[in-house]
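Peer 1: My questions all concern the structure below.
The values are calculated or read from the model by the stated rules, or taken from the named source; none is laboratory data. Predicted model, so just to flag it, every value in this text is computed and none were measured. Glycine gets a Cβ as well: all are built from the backbone with ideal geometry, and neighbour counts include every protein chain shown.
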Amino acid sequence: MKTLFKTLFTIAALGLSTQPTLAEKEARFLLGGKSSGSKQTPKSHGSYAKGCLAGGEELAENGPTWQAMRLSRGRNWGHPDMIAYLKRISAEVARETNWKGLYIGDISQPRGGPMISGHASHQLGLDADIWMLPARDLKLSRRTRETLSSSDVRSSNKKSVSGDWTYTHMQVMKIAASDPAVDRIFVTAPAKIYMCKNARGNKKWLQKIRPYWGHNHHFHVRLKCPKGSSGCITQKPTAAALSKGGTGCDETLNWWVTAALKPAKPNPNKKKKKVKKKKHPRQFVMADLPNQCSKVLRSR
């Protein structure tokens, strides 16, 4: 105890502070606490899962061919390229299908960065979740948008699409993937398998559709790094993207609905280890993010 008091007395005498510096504070509370975009030139800094957004633009809650959902989250912000993209494809969906447009889920926080809860990605304003629920009514109240659930397009056995999936869903996803701004789109594997079997004509757009867990109520669009965002880190292209004419519709796709769903077989020869409690991953502090993110945070 005497040593502790002596240490604290020394710190006080030297004028040092025990309070964490800005660089040591958790980024999710600082960036997540901002309710408006920064007054800066629009740029995405860092990677999709470790970065921030300068000059973010808010997607209007209501539009002629879209509605932003779960408004209480404050995640209807994105890079202007993303906002323009959502307006562009929702209008095309309304023209080309029997949907009136799109229900838009999470995009990003006003200044991007790690979220207090939820996604690990969506930090650059270049990711957006589009609901699988067909947009039939674009006059939903704010209250309804907080309680309404999207459609689950994956069957209960996780091996095929459910009855909520329609041919129109494929049309919508083709429109979304065919836009040149798109890098990739994540969706439940059964939906990708369905599209590989039922798409007609040029299937090049299917290369951008990637199977991934947890995307059966929405599909997740990821845009390429915008021009002018030199600090933005684009994901490496996959083998399917590098292969000529690749669509990702090969035998490896079935892994998602076969081997991936089987529980791991117990190994009788393996010695049992003491089960350790899993530690939660350390939350990013501001020092973990690109240097520009501190400027984004301080900007008015």
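Peer 1: Being surrounded by fewer than 18 Cβ atoms within 10 Å (Cβ to Cβ) and assigned to a helix (DSSP H, G or I) is the filter here; which residues of the stretch 93-105 pass it?
Peer 2: ARG95, GLU96
Peer 1: To continue, here is another question. Write out, first by first residue and then by second, each pair whose Cβ atoms fall under 7 Å of each other, whose residues are 6+ apart or on separate chains, and whose first residue, in the stretch 178-207, is within 16 Å of ASP129 (Cβ to Cβ) while the second is surrounded by 19 or more Cβ atoms within 10 Å (Cβ to Cβ) and among the polar types (S, T, N, Q).
Peer 2: Short answer, once both residue conditions are applied: THR188/ASN216.
Peer 1: Can we say ALA181 is within 24 Å of LYS236 (Cβ to Cβ), surrounded by fewer than 18 Cβ atoms within 10 Å (Cβ to Cβ), modelled with pLDDT of 95 or more and among the small types (Gly, Ala, Ser)?
Peer 2: Yes: the conditions hold for ALA181.
Peer 1: Taking into account only those residues within the stretch 30-67 that are over 27 Å from GLN235 (Cα atoms) and small (Gly, Ala, Ser), which is surrounded by the most Cβ atoms within 10 Å (Cβ to Cβ)?
Peer 2: Ranking the qualifying residues of the stretch 30-67, first place goes to GLY63.
Peer 1: Go through (1) surrounded by fewer than 24 Cβ atoms within 10 Å (Cβ to Cβ); (2) at pLDDT 95 or above one by one and return the number of the condition MET132 breaks.
Peer 2: Condition (1) is where MET132 drops out.
Peer 1: Can you go through ILE83, ILE89 and tell me which one is among the aliphatic types (A, V, I, L, M), over 16 Å from the mean Cα position of the chain (by Cα), outside any loop (DSSP other than H, G, I, E, B) and at pLDDT 95 or above?
Peer 2: None of the others qualify; the one that does is ILE89.
Peer 1: Which of the numbered conditions does SER117 fail, given that it passes all the others? Conditions: (1) out of contact with any helix residue (DSSP H, G or I) (no Cβ under 8 Å at 6 or more places or on another chain); (2) in a helix (DSSP H, G or I).
Peer 2: (2)
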